[in-house]
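The next block holds one structure in the form of structure tokens; read it before the comments.
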């Protein structure tokens with residue numbers, strides 16, 4: 001443990017004692033890689049990058065690579081077919097017919113899955129391929145993490161990052177010409193769901209945007225996401241589609257990356273761009289307000305997709321994935337999430 005922590009401190013160039021700081025890993029990473037620190041051109045070794053991307057700041061042991069698949073099994077009475085993709089973890093089917101009535105779900109599709117066993121605890125329309133909006137950015141983050149790129153490399157936003165063919169228009173606090181390192185761009189994309197940041201991550205990927213989109217779809221295929229298609233990296237194109245089942249697989253895979261866990265659940269962050277500071281909040285109110293043990297979070301919205309959210313959380317000591325697609329309003333999405341998590345917290349455990 002001590003060796004792992006020391007290695008992480010070496011990677012991030014931190015000179016203060018680990019036990020004395022209350023910074024989140026997001027703050028540690030972007031502060032120590034920012035242009036203002038004079039370390040924007042750090043060249044990390046592959047071992048350094050592996051430690052950064054796959055470690056918790058609180059438990060700096062490397063976690064497995066995120067290239068995993070999940071077998072889903074269905075509780076008695078659930079509407080999801082028992083078709084599955086390969087895995088070494090198989091959940092048991094438990095009869096919950098005697099349990100309290102199903103939770104109130106105001107969304108086009110939803111799914112709750114036991115993240116350890118792959119057992120589906122709740123399902124509604126979860127095999128339907130639907131627009132996923134900015135949930136797309138979770139796969140964007142996974143592809144960036146897999147590429148092991150230099151996270152301290154400076155990225156300058158250009159005009160092409162603010163629009164794409166077939167995409168919906170969106171507002172942004174970012175401007176063409178803004179510069180940040182790759183870690184900041186990833187934090188912008190995951191925490192604040194900034195579309196230009198996600199677009200720039202794809203543009204600066206080896207081979208450019210076309211190679212990045214190919215990598216996104218290849219990763220989806222590798223994971224067994226059979227109802228998924230990506231056309232671009234932000235989620236502004238309504239042609240980015242996936243099923244709730246597929247997204248439960250993606251969330252499980254993304255949970256293996258320490259940096260994605262930390263960045264997606266950072267409640268607030270002040271981005272210092274040198275000539276202005278952008279005070280930013282997480283797009284998920286359940287993350288901002290606390291009260292739930294949320295390990296991964298990503299929200300999404302365009303008209304075609306409705307209000308969406310995916311989360312990896314811990315409910316009554318059970319790791320669980322929650323997926324909600326197509327809620328009519330943000331309040332309905334939040335209420336549905338709370339209903340599903342509360343309901344799941346009272347479910348009997350697998351034997």
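None of the figures in this text is laboratory data; all of them are computed from the coordinates on show. As the structure is a computational prediction, the values presented were derived from the model and not from experiment. Cβ: placed from backbone, ideal geometry, glycine included. Neighbour counts: every protein chain shown.
Computed FRET efficiency, Cβ-Cβ of residue 317 and residue 102, R0 22 Å: what is it to the nearest 0.05?
On the way: r = 22 Å, r/R0 = 1.01.
Rounded to the nearest 0.05, the efficiency is 0.50.
What whole-number volume per residue, in cubic angstrom, does the convex hull of the C-alpha atoms of the range 103-243 give? Walk me through the numbers before you get to the answer.
On the way: hull volume 17.9 nm³, N = 141.
Hull volume normalised by residue count: 127 Å³.
Contour minus end-to-end for residue 335 and residue 169, with contour as 0.36 nm per residue of separation and end-to-end as the Cα-Cα distance? Provide the component values of the computation, followed by the final result.
Values: separation 166, 0.36 × 166 = 59.76 nm, distance 2.74 nm.
Extra length available between residue 335 and residue 169 comes to 57.0 nm.
Based on the alpha-carbon gyration tensor of the range 197-351 and its eigenvalue square roots a ≥ b ≥ c, which shape applies: rounded if a/c is under 1.5, prolate if not and a/b is larger than b/c, or oblate?
Cα axes put the range 197-351 in the oblate bin.
Distance in nm between label sites at residue 116 and residue 349, each 7 Å beyond Cα in the beta-carbon direction?
With each label point 7 Å from Cα toward Cβ, the separation is 0.6 nm.
Quick check: Cα centre of the range 191-262 to Cα centre of the range 129-165, how many Å?
So the separation of the two Cα centres works out to 7 Å.
Roughly speaking, what is the stretch gain from residue 229 to residue 176, that is 0.36 nm per residue apart minus the C-alpha to C-alpha distance, in nm to one decimal?
Working: separation 53, 0.36 × 53 = 19.08 nm, distance 2.84 nm.
Full extension from residue 229 to residue 176 adds 16.2 nm.
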